[in-house]
Amino acid sequence: MSSPDGIKQRGYWGSGLGFVLAVVGSAIGLGNIWRFPTEAGQSGGGAFVLVYIIATFLIGVPVMMAELAVGRRTQRNPVGAYRSLAPGSGWGLAGGFAVFTGLIILSYYSVVAGWTLKYTWIAFSGSLHGATPEAISATFNNFIQDPGPVLGCHLLFMLITIRIVMGGIQHGIERAAKILMPVLFVLLLLLVVRSLTLPGAAEGLSFYLKPDFGMLDVKVILKAVSHAFFSLSLGMGAIITFGSYLSPKQNLVSSAVWVSCADFLIAFLAGLAIFPAIFSVPGLEPDAGPGLIFVVLPNIFNAIPLGHLFGAAFFILLAIAALTSAISMLEVVVAFTIDELGWNRRRSAIAVGSVIFLLGIPSALGNGAVPLFAGTLDFVNEYFGGMGLVLGALLVSLFVGWKWGTGNAVEELERGRGTFRLGQVWGFLIRFVCPLAILTILFQLLRG
Ligand code: PFF
């Protein structure tokens, strides 16, 4: 970052709005539309949703402010950021853990994103139009068991991601987010309206919104809390990295609040689109796992007039959302190689993207194509997408709360906005509430 060339390689946001949209683009993705309904459906619906909401606003928002402050203060990737705020302390390892988690998460994220590309094509082609539920399930099962198409879609998705990240901050990421995010929102609203007017919608709404506290155990709580981090892109340095491209004028506090509200809104709308729809077709279940939306939705689209058009719109939306999130994950690792290894952006995007493609192969082939890799996707989703992010977020809150210091962080948060009146409340949340909540959950989990 010190040389002009360094600045050119890293880049800066062109405008405050571009930044907020890009962070919103990172936050909103498969997490909201694929992972949230899948996890909520497997964990009993309303109770999971309630914990997710509490975790988003009580823990997620403060951690996002912490990551933004660290990023902007240091103007560095996660490793460089920890190192420069606590030189010679070993905290750089926490940054390394974040970068590594990002690498692994993107490897399977890209696989599922590849499924959405395929389903966009399937919907457009109309090949599932009028198909029976059995035929729809068979189509999904055949697809994920066939190595060629799943690898091809995974590759295509990574190539698009690499291409955009090669374009750099302003020209690639910012432009993509500006154009794509509003489209996504409008398409989702259309789907919600359609879903809520289906017969049987009320049963789905009650599953989704009425908490059954009997379902709450420590595993469900951990899943809901870790999903809040996943959804807000926290715990793997993406927000540190995006914050590092920020000018001092940006108001970090309100950015974090807006981004979190937008992210929550999209997840909530996705749930409103998906759960009523599931319950409107007899025989469909909310706990179908990673294939949920791919198996359930085409059935629903078939049950409504012009359903294949809704279907096409939905999967385009999902692919777009996945792309803006994947961009942010690749950017974490690319920023690391630019800052720490001195690579140029182009070389870095290609090299890192290729490694991620290769790492994703077991997740791509582990769904029936190659028995040796069976269950890889679920495993990495649970341990890296879940536990990895929880540990990453724990480290950020411990670091900011106890090492760098909330005083320094509040000073950074006040740049570009003036006094942060809730600074003390924020400090309390970061020092005590966030770490203790996470540690308590982990402790309970270990006790079995
Ligand atoms: N927040 C993204 C989603 O909800 O799909 C996923 C994600 C992006 C997680 C970036 C972590 C991250 F750093």
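Just name the residue that is surrounded by the fewest Cβ atoms within 10 Å (Cβ to Cβ) out of those in segment 341-367 that are of a type in the set (S, T, N, Q) and assigned to a helix (DSSP H, G or I). The qualifying residue surrounded by the fewest Cβ atoms within 10 Å (Cβ to Cβ) is S354.
In the set I316, I304, I320, only one residue is touching a helix residue (DSSP H, G or I) at 6+ places or on another chain (Cβ under 8 Å), in a loop (DSSP other than H, G, I, E, B) and either surrounded by 24 or more Cβ atoms within 10 Å (Cβ to Cβ) or at pLDDT below 85 (or both); that residue is I304. Is it the case that L190 is away from the ligand (no atom under 16 Å from the Cβ) and modelled with pLDDT under 95? Considered against the rule, which asks whether it is away from the ligand (no atom under 16 Å from the Cβ) and modelled with pLDDT under 95, L190 comes out as yes. Looking at G31, G92, G60, just one residue is at pLDDT 95 or above, more than 15 Å from the ligand (Cβ to nearest atom) and in contact with a Phe, Trp or Tyr (Cβ under 8 Å, 6 or more places away or on another chain), and that residue is G92. Residue pairs whose Cβ atoms lie under 7 Å apart, sitting 6 or more positions apart in sequence or on different chains, and linking a residue in segment 217-228 that is touching a residue at least 12 places away in the same chain (Cβ under 8 Å) to a partner that is of a type in the set (D, E) and assigned to a helix (DSSP H, G or I), are K223/E39; H227/E39.
Do we have L445 as at pLDDT below 95 and of a type in the set (A, V, I, L, M) here? Yes, satisfied. Taken together, the residues in segment 120-135 that are under 17 Å from I293 (Cβ atoms) and in a loop (DSSP other than H, G, I, E, B) amount to 2.
The listed residues are R76, R83, and the only one of them that is more than 15 Å from the ligand (Cβ to nearest atom) and modelled with pLDDT under 95 turns out to be R76.
The residues in segment 272-290 that are assigned to a helix (DSSP H, G or I) and either without any contact (Cβ under 8 Å) to a residue 12 or more places away in the chain or among the aromatic types (F, W, Y) (or both) can be counted, and the count is 2.
Taken over segment 229-261, the criterion of being buried (at least 20 other Cβ atoms within 10 Å of the Cβ), more than 15 Å from the ligand (Cβ to nearest atom) and of a type in the set (V, I, T) is satisfied by V253 alone.
Any residue that is free of Cβ contacts under 8 Å to residues at least 40 places away in the same chain, within 16 Å of the ligand (Cβ to nearest atom) and closer than 27 Å to G31 by Cα - is there at least one of those in segment 377-394? Within segment 377-394, one or more residues are free of Cβ contacts under 8 Å to residues at least 40 places away in the same chain, within 16 Å of the ligand (Cβ to nearest atom) and closer than 27 Å to G31 by Cα.
Residue count for segment 136-168 under the criterion of being in a helix (DSSP H, G or I), surrounded by 14 or more Cβ atoms within 10 Å (Cβ to Cβ) and among the small types (G, A, S): the result is 2.
The values are calculated or read from the model by the stated rules, or taken from the named source; none is laboratory data. Note that the structure is predicted; figures quoted are calculated from it, not measured. Glycine also receives a Cβ, built like all others from the backbone with ideal geometry; neighbour counts cover every protein chain displayed.
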